[in-house]
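Engineer: The structure is given below, and queries will be raised subsequently.
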Amino acid sequence: MTGQDDVRPWIRDAEALIMSLRSVKGVSITTEGPASDIPSIAEINILADGERPPKHIVRDVRSALKAEL
């Protein structure tokens, strides 16, 4: 999670989406920017089980986020 008290719903949705992907065991999305503005994603940390190459997981994450959010 982001570590912020006011976790935005879209962050929870994005983390849940990423968690549903094959080989993903954990995820944390960090945003940047003022709370009053629409924040941008600063980083996405993913813990994977090692069954798939990182490149494939990154591709899946990017595709899922573009398609669903």
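The values are calculated or read from the model by the stated rules, or taken from the named source; none is laboratory data. Because the structure is a prediction, the values reported are computed rather than measured. As a convention, Cβ positions derive from the backbone with ideal geometry for all residues, glycine included, and neighbour counts pool all protein chains shown. Side chains are part of the model used for accessible areas, which takes the heavy atoms of the whole protein and leaves out ligands, DNA and RNA. Shrake-Rupley method; radii C 1.70, N 1.55, O 1.52, S 1.80 Å.
Engineer: Considering only protein heavy atoms, what per residue accessible area in square angstrom results for the chain with a 1.4 angstrom probe?
Structural biologist: That works out to 69 Å² per residue.
Engineer: While we're here: For the chain, what does the helix formula give at 222 nm: sum of -39500 (n - 2.57) over DSSP H segments with n ≥ 4, over the residue count, nearest 500 deg cm²/dmol?
Structural biologist: Per the formula, -12000 deg cm²/dmol.
Engineer: Where does the charge balance sit around Leu47 when Lys and Arg score +1, Asp and Glu -1, over other residues with C-beta under 15 Å from its C-beta?
Structural biologist: Its environment carries a net charge of -2.
Engineer: So, one more: Report, to the nearest 10°, how far helix 9-19 tilts away from the longest principal axis of the Cα atoms in the chain, using its own Cα long axis and a range of 0 to 90°.
Structural biologist: 10 degrees
Engineer: Tell me, what ³J(HN,Hα) does each residue in region 44-53 have, in order and in whole Hz, if you take phi through Karplus 6.51 cos²θ - 1.76 cosθ + 1.60 with θ = phi - 60° and put x for Gly and Pro?
Structural biologist: 3J(HN,Hα) across region 44-53, in whole Hz: 10, 9, 10, 9, 10, 7, x, 6, 10, x.
Engineer: Given the Cα-Cα distance of Lys55 and Thr30 and 0.36 nm per residue of separation, how much length would full extension add, in nm?
Structural biologist: Additional length available on full extension: 6.9 nm.
Engineer: For the residue pair Leu65 and Ser20, what label-to-label distance in nm results when each label sits 7 Å from Cα along the Cα-to-beta-carbon direction?
Structural biologist: With each label placed 7 Å out from Cα toward Cβ, I get 1.7 nm.
Engineer: Using every Cα-Cα pair within the chain, state what percent have a distance larger than 18 Å.
Structural biologist: For the chain, the share of Cα pairs beyond 18 Å comes to 36 percent.
Engineer: Which of the peptides 25-33, 39-47 is most tightly packed, and how do the rest follow, going by the mean number of other Cβ atoms within 10 Å of each residue?
Structural biologist: 25-33, 39-47
Engineer: Another question about this same structure. Given an 8 Å cut-off on Cα distances and at least 6 residues of separation, report the relative contact order of the chain as a percent.
Structural biologist: Reported as a whole number, the value is 31 percent.
Engineer: Given Gly26, Pro9, Gly50, which one lies farthest toward the positive end of the charge dipole of the chain, if we put +1 on the Cβ of every Lys and Arg and -1 on the Cβ of every Asp and Glu?
Structural biologist: Toward the positive end, the furthest listed residue is Gly50.
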